[in-house]
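As structure tokens, the structure follows; a few thoughts come after it.
The values are calculated or read from the model by the stated rules, or taken from the named source; none is laboratory data. Keep in mind that this is a model prediction, so the values were computed, not measured. For neighbour counting, all protein chains shown are included, and Cβ atoms are generated from backbone atoms with ideal geometry for every residue, glycine included.
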Amino acid sequence: MDFSKMNLASITDAPAAVPKPSRRKFLQSSAALGGGLVLGFYLPLRDRLAHAQPAPKAVPPNAFLRIGKDGSVTVQVKHLEFGQGVMTSLPMLVAEELGCDWSKVRSELAPAGAAYAHTMFGMQMTGGSSSVVNSWDQLRTVGAQARTMLVQAAANQWKVKPGDCKVENGTILGPGGKKLGFGAVAEAAAKLPVPEKVTLKPASEFRIIGKPTRRIDAPDKVNGKAKFGLDLTAKDIPNLHVALVLHAPMLGGELKSMNADKLKGLPGITHVVESRNFVAVVGKSYWAAKKGRDAIEAQWAVDPKAPKPDSARLKSEYSQAAARPGKVAKKVGDPALVKTAAKSIVAEYDFPFLAHAAMEPLNCTVSYKGDSAELWVGSQFQTPDQVAAAKALGLAPEKVKLNTMIAGGGFGRRANPASDYIVEACEIAKEVKVPIKVIWTREDDMKGGYYRPAYVHRVEAGVDAAGKIAGWDHHIVGQSIVSGTAFEGFLVKDGIDNTSVEGVADTPYDIPNFQCALTTPTKVVTSLWWRSVGHTHTAFVMETMIDELAHAAKADPVAFRTALLTKHPRVLKTLALAAEKSGWGKPAPKGRARGIAVHESFGSVCAQVAEVSIDNGQIKVHKVVAAIDCGLVVNPLTVEAQVQSAIAYGLSAALHGAITLKDGVVEQSNFHDYPVLRGNEMPVVEVHLAPGGDKPTGVGEPGTPPIAPAVANAVFALTGKRVRSLPMKV
Amino acid sequence: MIRFKVNGEPIQASIDPETPLLWVLRDNLQLTGTKYGCGMALCGACTVHLDGQPIRACATPVSACAGKNVSTIEKIGASAVGKRVQQAWLDADVVQCGYCQSGQIMSAVALLNTNKNPSDADIDAAMSGNICRCGTYNRVKQAIKMAAAPAAAAPAKSAAKKGA
């Protein structure tokens, strides 16, 4: 960096001045968090935003693509980049049809805008392993349209037919050796009509799709230049202040009183804002605001009638509920026939609350200008977040510009229908009227109150004398993730939250007498999707119980599954590939055992074989051989990375992850008491691609569900004991 | 007044001596490549070198830097080892979200500065203080080996294998 422009001697703390706390009026939006919005609301909004936010100027005019006179190709990425590689894979789709020089391709994250709505969900968002899936036709079409226009422009200039021209690597080639670069005709092309119909290439002609392609965003991520939301400074946004927020120690706590006397003498603090459920301290720097926040003495209260969630009590209540009948989500044949099984097993499983614990703690930057506002945030939910911000600021959505920042992970936490930390940032910004960057500390993030819910499953299953499954009666108990949110109407049908039962109710196993029931207790802990959502727990129960039944039937676990999957060739094929590549059936290295699991989620199938040992009571996963059928592979390097990533994330939870509540207080705060997987615990992960179909299916999440059951099945092979509680203990 | 250097440039700071180095780098010097992850020296995202030693800037008061030089990710490419490590990171396509990678790279450079040919166990020992929630650990290890012996390890074209 250029130190010459910096007055080094001027690094000083700002003077001490105690601001008078301002008690803000509670906005209605505070009370309405999580409720009120319905998904359909976003549809008319699209039209409103379309008028308010014209697509970025582009040549040819398109919200997704800009071709510079220098031939540079800039793709607007409508999804959040938070590790999964969309800044590379989405431009690959455009570039394939455009026929440009890949080295000229750049990508930028698109702001919130109507043009960037998810093609399946109708609002701009990132989730459900669907970024490539929903962009597959859309972005190839964008590329093909632009190519057609560029060729037409060159043909016009040469006075030849477009059909006599072709495109190679960013150059249009015409009859008689004529050549023009994209940049040379970009401006003329922009004036041509956008063709309504274009023909997309067959897969056999792909040159970029399917090719291992290194990440476009990597260079700036190895030299410190990449700017995450947390990295915005006064250089980017003049007069930017930092806000830290004191929250109630217990879920649902409200501010009763506070004492800011101890702020006296602390330097660099400019504002203190009291609200219904937080106190914000705003200062010139993180450290000033942090010291100020930590000096606040606050008293909090909870509604005496409100439940004080307690993990141990919830587990016991869930367990009792699991023994009673639930609401039937799926029924095949007569599940009561399980009572006639020659060998039957009754098992109860429990799963804790989980925090997302992304590396970059939550943050949101807001500049409020009275009649408009601008936000900078690593959002998975640009449209809902924009709407929520507008409501909090008392502005129309089109008056709020939301810039998407790259995010240091998210795993679902940045896709909150309640837009919690964003609304909070807007409430503070509206009060202080200076641009602020709200930073949640790691502790704020860990205790921040949106978790993968805890669940209990109860399964009674058995095999007959011939070793066939006689019946399977499955009951899941756990809070609904989506109830009370804008997604309720979309994902809850007949009282069944699909995210609670996915992975069980739709099992591919051919089980003649089967039932999946659900009990949904009242929501007492704010909860959220967490990488692979319902599959985080359902795959564990399905795949460990299937393994248990295989042993009860004295069958090989792969052969036992194979017999139940004859109607599901993709699952079968992926399972077989993982088995083959792992050396299934051959002895494992001394002291180790293998366990296998296969699970379908987000349109893809992933099978994994984990090689495990136990030393001094510690589970060590040495190696994982994974096979994935994720349809047509866009970038093999990304698929490999995402499967490794998904396994690390799932293994972290399986071995370590647990958020516990005691009387409404989250007991964990940082990585010492919420440990996560470290490098020395990471298995070698080998990824095999199973030949797929003619279009891509999900990649970011399908690798997570199988790892915990694969490890648990290996633990059984080593110890003879079944793991029925996560995180695992031996 | 605390006098120290950042990437070789002299700094004079009249600030609360307890201010963690991390926030001096990020807020005062606007060197935001060094990341905040935990504030308790648990995750390694803020790793910088203090006179060549890897330290966690979030738990190091600026006063501890007096008379010393702090090296950060922004200038680590100026050293031969730093440049090699950054290149290996690109060749192995290590990064995902990238948030922890400044710290990973600073720890990797510190390791290779003292151990030219680290074993798997050496890498585990030196790198286990750096958490990556994206789980890039396999490729981190691969990149460190590539940086240690650029000729010996070929870059991953695609480590993912085609199935049957």
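Going through segment A:161-183 one residue at a time, which ones are of a type in the set (A, V, I, L, M) and in contact (Cβ under 8 Å) with a residue 60 or more places away in the chain?
A:167
Take the residues of segment A:330-364 that are of a type in the set (S, T, N, Q) and either surrounded by 17 or more Cβ atoms within 10 Å (Cβ to Cβ) or within 30 Å of residue A:230 (Cα to Cα) (or both): which is nearest to the other protein chains (Cβ to nearest Cβ)?
Only one residue fits best here, namely A:363.
Only residues that are within 20 Å of residue B:134 (Cα to Cα), hydrophobic (A, V, I, L, M, F, W, C) and crowded, with 24+ Cβ neighbours inside 10 Å: list them for segment B:38-52, please.
If the condition is that a residue be within 20 Å of residue B:134 (Cα to Cα), hydrophobic (A, V, I, L, M, F, W, C) and crowded, with 24+ Cβ neighbours inside 10 Å, then B:38, B:43, B:45, B:46 are the ones that fit.
It is to be established whether one or more residues within segment B:49-61 are basic (Lys, Arg), at pLDDT 95 or above and not in a loop (DSSP other than H, G, I, E, B).
For segment B:49-61, residues basic (Lys, Arg), at pLDDT 95 or above and not in a loop (DSSP other than H, G, I, E, B): present.
Tally up the residues in segment A:150-189 that are on the phi > 0 side of the Ramachandran plot and buried (at least 20 other Cβ atoms within 10 Å of the Cβ), please.
1
Name, by its number, the condition in (1) surrounded by fewer than 24 Cβ atoms within 10 Å (Cβ to Cβ); (2) touching a Phe, Trp or Tyr at 6+ places or on another chain (Cβ under 8 Å); (3) in contact (Cβ under 8 Å) with a residue 40 or more places away in the chain; (4) within 10 Å of chain A (Cβ to nearest Cβ) that does not hold for residue B:35.
Failed condition: (1).
Does residue B:96 meet the test of being under 22 Å from residue A:531 (Cα atoms) and not small (Gly, Ala, Ser)?
Yes: the conditions hold for residue B:96.
Taking residue A:494 as the residue in question, decide whether it is under 25 Å from residue A:321 (Cβ atoms), modelled with pLDDT under 95, in the same structural domain as residue A:626 (by TED's automatic domain parsing) and acidic (Asp, Glu).
In short, yes.
Residue A:723 is checked against (1) within 21 Å of residue B:134 (Cβ to Cβ); (2) buried (at least 20 other Cβ atoms within 10 Å of the Cβ) and fails just one. What number does that condition carry?
(1)
Among residues belonging to segment B:9-32 that are assigned to a loop (DSSP other than H, G, I, E, B) and at the interface with chain A (Cβ under 9 Å from one of its Cβ atoms), point out the one that is surrounded by the fewest Cβ atoms within 10 Å (Cβ to Cβ).
The selected residue is B:18.
Considering only segment B:43-54, I want to know if a residue exists there that is among the small types (Gly, Ala, Ser), within 18 Å of the chain's Cα centre (by Cα) and facing another protein chain (nearest Cβ under 9 Å).
yes
Would you list the strands (runs of 3 or more DSSP E) that sit entirely within segment A:242-298 and hold 3 or more residues that are crowded, with 21+ Cβ neighbours inside 10 Å?
The strands (runs of 3 or more DSSP E) meeting that bar are A:269-274, A:278-283.
Please specify each residue of segment B:64-73 satisfying the condition of being within 13 Å of chain A (Cβ to nearest Cβ) and either hydroxyl-bearing (Ser, Thr, Tyr) or surrounded by fewer than 16 Cβ atoms within 10 Å (Cβ to Cβ) (or both).
B:71, B:72
Read through the list (1) in contact (Cβ under 8 Å) with a residue 60 or more places away in the chain; (2) closer than 23 Å to residue A:702 by Cβ, then give the number of the only condition that residue A:119 fails.
(1) is the only condition that residue A:119 fails.
Is segment A:644-656 home to any residue that is crowded, with 24+ Cβ neighbours inside 10 Å and in a strand (DSSP E or B)?
The answer is no; no qualifying residue exists.
Under the condition of being among the β-branched types (Val, Ile, Thr) and more than 7 Å from chain A (Cβ to nearest Cβ), which residue from segment B:98-135 is surrounded by the most Cβ atoms within 10 Å (Cβ to Cβ)?
B:109
Can you spot a residue in segment A:311-319 that is assigned to a loop (DSSP other than H, G, I, E, B) and crowded, with 20+ Cβ neighbours inside 10 Å?
no
If you go through segment B:79-90, how many residues are touching a residue at least 24 places away in the same chain (Cβ under 8 Å) and either of a type outside the set (D, E, K, R) or within 8 Å of chain A (Cβ to nearest Cβ) (or both)?
Residues in segment B:79-90 being touching a residue at least 24 places away in the same chain (Cβ under 8 Å) and either of a type outside the set (D, E, K, R) or within 8 Å of chain A (Cβ to nearest Cβ) (or both): 7 in total.
Report the residue count in segment A:662-689 for those that are more than 24 Å from the chain's Cα centre (by Cα) and either modelled with pLDDT under 95 or away from chain B (no Cβ under 14 Å) (or both).
Here the count works out to 5.
Please pick out the residue among A:600, A:611, A:640 that is of a type in the set (Asp, Glu), under 21 Å from residue B:139 (Cβ atoms), surrounded by 24 or more Cβ atoms within 10 Å (Cβ to Cβ) and touching a residue at least 40 places away in the same chain (Cβ under 8 Å).
A:640
Tell me which of these residue A:51 doesn't satisfy, since it passes every other one: (1) in a helix (DSSP H, G or I); (2) modelled with pLDDT of 75 or more; (3) surrounded by fewer than 22 Cβ atoms within 10 Å (Cβ to Cβ).
Unmet condition: (2).
Can you name every one of the helices (runs of 4 or more DSSP H) wholly within segment A:345-454 that holds 2 or more residues which are more than 30 Å from residue A:728 (Cα to Cα)?
Qualifying helices (runs of 4 or more DSSP H): A:382-393, A:420-432.
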